1. Tally up the carbon and sulfur contribution to the accessible surface of segment 302-412 as a whole percent, 1.4 Å probe, everything protein left in place.
2. From the residues S99, I138, S169, which one has its Cα farthest along the dipole of segment 88-173 in the positive direction, the dipole being from +1 and -1 charges on Cβ of Lys/Arg and Asp/Glu about the Cα centre?
3. Give me the one-decimal nm value for the distance between modelled label points at E311 and Q368, 7 Å along each residue's Cα-to-Cβ direction.
4. For the peptides 322-328, 156-162, what is the packing order when you average, over each peptide's residues, the other Cβ atoms within 10 Å and list the highest mean first?
5. Hand me the chymotrypsin sites (Phe, Trp or Tyr not before Pro) from segment 361-457 located in a DSSP loop with no more than 12 other Cβ atoms within 10 Å, in residue order please.
6. Could you state how much accessible area L180 has, in square angstrom rounded to the nearest 10, with a 1.4 Å probe and all protein chains kept in place?
7. Using packing as a proxy for protection, rank 225-238, 288-301, 103-116 so that the peptide with the highest average count of other Cβ atoms within 10 Å comes first.
8. Any chance you could look up the accessible area of H516 with a 1.4 Å probe, heavy atoms only, rounded to 10 Å²?
Amino acid sequence: MAVGGGDPKNSFESGRNYLQALMEITWRLADRMLNRSADQMELVELKARSQHDMKKTLTWWDLMWFGMGAVIGSGIFVLTGLETKVHAGPAVVLSYVISGLSALLSVFCYTKFAVEIPVAGGSFANLRVELGDFVPFIAAGNILFEYVIGGAAVARSWTSYFANLCNQSENDFRITAHPLPDDCKYLDPIAVGVIAVICVIAIVSTKASSRVNIATIVHIAVIVLIIIAGLTKADAKNYTPFAPFGARGIFQASAVLFFAYVGFDAVSTMAEETKNPARDIPIGLLGSIVITTLAYCLLAVVLYLMQPYSEVDTGAPYSKAFEAVGMGWAMYIVAAGALKGMTTVLLVGAVGQARYLTHIARTHMIPQWFAKVDARTGTPINATIVMLVATAVVAFFTKLEILANLLSVSSLFIFMLVAAALLVRRYYVSGVTTMANRDKLIVCLWLIIGSSVGTAAALPIGGKVTVGLVPLVPWLPSTSIAINIFLLGSIDKASFIRFGIWSAIILLYYLFFGLHLSYDKAKATMEKRVDDGVQLKVVEEGANTSAVASGSAGMNVGNASTNGGS
């Protein structure tokens, strides 16, 4: 008999079995929370569930352009103006430096994992290996949420710059639905159309997407033009006052402008399609984020040399700045370059989010239909279409300001978890690490996270408590945790409420569906190995080995397991 009674392979075959599974939810949840997938599970067994392999076609050159294409978009071309007026003034350049530092630290963490576990699951796969089964699912829900929100925000920005290119107001291209609330009454059909085109390109092939994305070189050329042309109209007097809203304003802007760096994590989801992950991923990721940060800072400096911060336009700041200084011809080039940048951001986001969803489906937490890779194109068509439909729906209704804040909360939360998982990977090895050392690691993690939360809550600027604890563990992931939490503390309350509501929704799904789908598949896989007489390998940590061996219900939770996959 299976653990807890009933056939674990058929929990959802009838209402009776489903009710029985719900009655066992407490110890099933305990089992799943303690499960830790192994590298081999992610690299071999889960990949096999997609029926076909993804094609290895990418090099470091492709990844670097993917990285820049994923990042340089509406963040710099739209949010710069918004955050300047509301929070930072000309000191927004410092906000970009702070956000860039946070992104760079996260890149190091992602690179470490992507090299050692080169699969399409990105941070979801990394978290499954180090933090068990439950935390990755909550993170996965927020990763997908991040991509949908981010894609919707960029698509709406695309409409704004397209309107600017046509010498029209952005709302001239939108449908006004007066009965709806102000936050969602401007319906955006152009954003939906752009997403539809991106969907087709992403489905064709990853290499084709890369070729389109390499056109980012045009975007880089536009950025160089902005910097050079803008410097010819420079006036240093515009930098007074430099920080009209003080230090808190700079950090508040940093939290929102983190949106401008979101997208580089999509590169880690392409590790499965990379020819030489150990070489190509570090070069591609680090190269793209360094170039992007430098470009952002130079663009911010030039903007305020051209125009006082109080006169900066919040919708299309660079185009309007050139118009204000008498260089009307340049505004059209800027608008066209911005459109190109946003298009590549949407494209890389489409590629990344589909691969996240594919790997989540491989774990059976969601239906297997999402995991299918098309034999002809070598791309996850089902996952791509579903994610982009969701993105199009959100883009059709929701304002950019709401989307940007919400995206930053979700992204910073996930990057913090990845940094914590890297510490676990460094200091905890199943069957090797002693209980005493494991407990020390847990204490250190809570000290780092707790002190970071305390610092963010108590101080408008600083980090003395957190910095004092960094020597207890490797400084890089510890500092990443600290700065991510610090930036989280600068985001508005409404965004946290929306984030909490979404997290509650995915938690309910996990408790009533995902948990049982994952658990039953893991049990069935392990029992098949036993029935086939195959020597079991330790691929997860949990309760299942002892439970199956003894036939008892929910005993020995936490013992080493040979669970075949969740």
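The values are calculated or read from the model by the stated rules, or taken from the named source; none is laboratory data. All figures in this text were calculated on a predicted structure; none of them were measured in a lab. Cβ placement follows ideal geometry from the backbone for every residue including glycine, while neighbour counts extend to all protein chains displayed. Just the protein is used for accessible areas: all its heavy atoms, side chains included, with ligands, DNA and RNA removed. Shrake-Rupley method; radii C 1.70, N 1.55, O 1.52, S 1.80 Å.
1. Numbers: 2000 of 3080 Å².
About 65 percent, which is the carbon plus sulfur part of the accessible surface.
2. Result: S99, furthest along the dipole toward the positive end.
3. Reported label-point gap for E311 and Q368 is 6.5 nm.
4. Details: 322-328: 16.3, 156-162: 26.3.
Order by mean packing, descending: 156-162, 322-328.
5. For chymotrypsin sites (Phe, Trp or Tyr not before Pro) across segment 361-457 that sit outside H, G, I, E and B with at most 12 neighbouring Cβ atoms in 10 Å, the list is empty.
6. Here the residue's solvent-accessible area equals roughly 60 Å².
7. 103-116, 288-301, 225-238
8. Its accessible surface works out to 0 Å², give or take rounding.
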